[in-house]
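Below: the structure, in structure tokens.
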Protein chains: 4
Amino acid sequence: MSSETLVIDVPLRWGDMDAYGHVNNVQVVRIMEEARVAAFGPPAGTGEAGFEAPVPVFTELPEGTQALVAENHVKYRSPLAYRTVPARVEIWVEKVAAASLTVGYAIRDGVDGRLCAEASTVLAFFHEPSGRLLRISAEQRELLRGYVRGA
Amino acid sequence: MSSETLVIDVPLRWGDMDAYGHVNNVQVVRIMEEARVAAFGPPAGTGEAGFEAPVPVFTELPEGTQALVAENHVKYRSPLAYRTVPARVEIWVEKVAAASLTVGYAIRDGVDGRLCAEASTVLAFFHEPSGRLLRISAEQRELLRGYVRGA
Amino acid sequence: MSSETLVIDVPLRWGDMDAYGHVNNVQVVRIMEEARVAAFGPPAGTGEAGFEAPVPVFTELPEGTQALVAENHVKYRSPLAYRTVPARVEIWVEKVAAASLTVGYAIRDGVDGRLCAEASTVLAFFHEPSGRLLRISAEQRELLRGYVRGA
Amino acid sequence: MSSETLVIDVPLRWGDMDAYGHVNNVQVVRIMEEARVAAFGPPAGTGEAGFEAPVPVFTELPEGTQALVAENHVKYRSPLAYRTVPARVEIWVEKVAAASLTVGYAIRDGVDGRLCAEASTVLAFFHEPSGRLLRISAEQRELLRGYVRGA
């Protein structure tokens, strides 16, 4: 695990299991969403105040801006078992482009550390009033700097 | 809050919000399920080992037995806001009958303690091999004893 | 089935099943939400145009008004099996009060008609700009009239 | 749209919307699951009998075999609006390998046909008793034959 990696505990829910008795593949994508929100904060304009996120890139979005998922890619390596122990999600930044951000994840069993999924998400910031994507700002680059793998 | 009450922190998920921007009414019922599992343990035969529950009534069910929900009743008192701070769920036992158990809940905002919902669930234990409901056993009554409100 | 009853087909999803292999108790409450939306229309201000609802009470809410769930009550009568055949939900109005509406449901297996749950929901209409509940209007009473059981 | 493509209507749910008021990115992956189940049938051993699927590859799996998702890849092209009109999902087979199957999807708005997401899923069939992946059988290849794009 490189030094740029944030480790986030994502609690599982009993209802995440499907009829096969493991965490459902779709719920793994929900866990990715939760890890992003824990790392970058709830997107501005949604929800109410909570714990401060370690890298509050979402919290500090300009008014009227949505954090949109442009791409999700998940490779399921082994079934994720439901436990009352949270899954351990390693999350980092893979790439900062002009107007998008790629996040990487490794999702591990919270007890034995087994790798259950490797994944990535491409994010873009959409400014509703103007109908345009925003460029990644200097302030955002600064916030993300310590978390870019291989930078 | 009476002395028989367990207090459980249930983490919210960003996706629990609906288009109105609050935790959806259905997801409040999901939060009740999570509070039960945290209090009584994941039902035997589902998931893998985790933290021990304070009142492991579900964990110690006889093999082939399912914890079934017979009734859910929720009164929504004020909208539950999404936060990265968990909801605070007070949970207790309202009644232990011959073959069922009634659980009570108060669901509160994790920051200001505001009451968001009052609820109850009737549970029964179904023994699949015999196709019959099980009577609440002496061991279960013993486990539950300290948590029966007004007992 | 009385003449005031609307019958709504609600498609199930494979992911509605939990680790017990039946439709999860929380997802039954989701099915109730879906039946309400099919009967009364998607609440004004959410989503985009679709099929017209038979009793468009939600669709025609004044701007800035939310349809809030004040109470949910579900009695689970037998496990609801997942099938690619939709569940059959009978829905009617139990009561129209000054500022609330009670809806009743019977949720049945889509193949054999077995009763799986009986339920009710109390709804209120919240006008955000003024922070007040709206009284049920004469127009709403007129729309609902044919669906009030025992009226 | 090539001749090998199946077109599946997947009903949306009001609760699929998130706080941004569009179908949540995770729920798009749920819609992919639903389209697979509609096309290939519910996996053997889960749920009860329903409509026959057009290409019953999942329904006819040998006993004790699970259809596992090995990989999901989604490119979100434009927000998917919630409507009471089902999403239109085009689904086809991209590749049949020795022990896996790649499915492709285009997810479109059910009214104006706008492309909302392009996606693919790699599936493998896991035989629980032996703990091994099954090879794609001659019967499965035969069933899938008409749906392999560019074959």
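The values are calculated or read from the model by the stated rules, or taken from the named source; none is laboratory data. Predicted model, so just to flag it, every value in this text is computed and none were measured. With ideal geometry, Cβ positions are generated from the backbone for all residues, glycine too; neighbour counts draw on all protein chains shown.
Of note:
- Counting only strands (runs of 3 or more DSSP E) that fall entirely inside the stretch A:37-143 and contain at least 1 residues that are within 17 Å of residue A:22 (Cβ to Cβ), in contact with an Asp or Glu (Cβ under 6 Å, 6 or more places away or on another chain) and within 10 Å of another protein chain (Cβ to nearest Cβ), the qualifying elements are A:65-76.
- Number of residues in the stretch A:93-115 that are within 14 Å of residue A:133 (Cβ to Cβ) and not aliphatic (A, V, I, L, M) equals 1.
- When residue B:71 is tested against (1) buried (at least 21 other Cβ atoms within 10 Å of the Cβ); (2) modelled with pLDDT of 95 or more, just one condition goes unmet, and that condition is (1).
- Breaking point among (1) free of Cβ contacts under 8 Å to residues at least 24 places away in the same chain; (2) farther than 20 Å from residue B:28 by Cβ, for residue B:124: (1)
- Scope the stretch D:1-39; condition modelled with pLDDT under 95 and among the small types (Gly, Ala, Ser); matching residues: D:2, D:3
- Members of the stretch A:95-126 that are closer than 14 Å to residue A:79 by Cα, in contact with a Ser or Thr (Cβ under 8 Å, 6 or more places away or on another chain) and surrounded by 16 or more Cβ atoms within 10 Å (Cβ to Cβ): A:116
- Every pair of residues 6+ apart whose Cβ atoms lie under 8 Å, when the first sits in the stretch C:44-72 and is without any contact (Cβ under 8 Å) to a residue 24 or more places away in the chain while the second is part of a loop (DSSP other than H, G, I, E, B) and among the basic types (Lys, Arg): C:47/D:83; C:48/D:83; C:49/D:83; C:50/D:83
- Within the stretch C:1-36, the set of residues being within 9 Å of chain B (Cβ to nearest Cβ), hydrophobic (A, V, I, L, M, F, W, C) and touching a residue at least 24 places away in the same chain (Cβ under 8 Å) comprises C:28, C:29, C:32.
- Evaluation of residue D:3 against the conditions (1) surrounded by 20 or more Cβ atoms within 10 Å (Cβ to Cβ); (2) polar (S, T, N, Q); (3) over 16 Å from the mean Cα position of the chain (by Cα) shows that the sole unmet condition is (1).
- Selection from the stretch D:98-124 of residues that are among the hydrophobic types (A, V, I, L, M, F, W, C) and either over 17 Å from the mean Cα position of the chain (by Cα) or at pLDDT below 95 (or both): D:98, D:99, D:111
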